[in-house]
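This report concerns only the one structure given below.
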Amino acid sequence: MGASRAGSAAERAADLTAGASLPASSPAAVLEFAVERLLHGAAPDALEAVLQRLAEAFGGRAALAVQHQADRTMVVLAAYPEQAARDPALLAMIQADDPPPSLLLAAPPDGDRPLCTLALAGDSPAWTAEARSTLRVIAAIVAAQIRQASTAAGLAERREVNVALIRETPNAVVTANSSWRIVEFNRSAEKLFG
């Protein structure tokens, strides 16, 4: 029995390297779909499609991606089916300290409070190790995207503040790039240097 199991694993690995298509519900196919959609697609629509694929592949009746806020609340980023985002019982289970076995939660390690949690709710408490690891990897990708968006927004805000400071300061300010080409100057510099 062990040999046939190893043989089938070897055959699956050979199929992967040969470019054969995976069954749509296999954990590897779900993960490949998630990576492709999340890294190359429009975030909200892509996340909804990934949650749908997760629910279908692992027999879940609902899948959600939630972002935790500093005030201990959470925001639903996406849900499948859509009405799961407004299900108070499901949302309470996600926030509970001791969730039921019918709920599979996965979050990347972020210290005390995870940035993002993926939740898969089902009728059976028997979640496979593959379902758990697939959910953790996808949660890590979503959390990285949240961090990236937050960093980009923070940089844009910082740039706006710097531009306002440079524009309004009474001193002449001239900035140049690494090739010594002037890229920015304020009104005071324009008055002083013409």
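Taken together, the values in this text are just the output of simple stated rules run on the coordinates, not laboratory data. From a predicted model like this one, the values you see are computed outputs, not experimental measurements. FYI the Cβ positions are ideal-geometry reconstructions off the backbone, even for glycines, and counts take in every protein chain you see.
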- Task: Could you rank the peptides 174-186, 73-85 by their average count of other C-beta atoms within 10 Å per residue, with the highest value first?
- Result: 73-85, 174-186
- Message: Can you tell me the length gained on complete extension of the stretch Gln69 to Val161, counting 0.36 nm per residue apart and subtracting the Cα distance?
- Response: 30.6 nm
- Where does each of 55-68, 88-101 land if you order them by average Cβ count within 10 Å, highest first? 55-68, 88-101
- Item | Tail fraction, Cα-Cα pairs, segment 120-194, threshold 20 Å, whole percent | 61
- Query: Cβ under 11 Å from Ala78's Cβ, Ala78 left aside: what net charge do those residues give with Lys, Arg +1 and Asp, Glu -1?
  - Reply: -3
- Message: Given points 7 Å out from each Cα along the Cα-Cβ axis, report the Arg132 to Ala144 separation in nanometres with one decimal.
- Response: 2.3
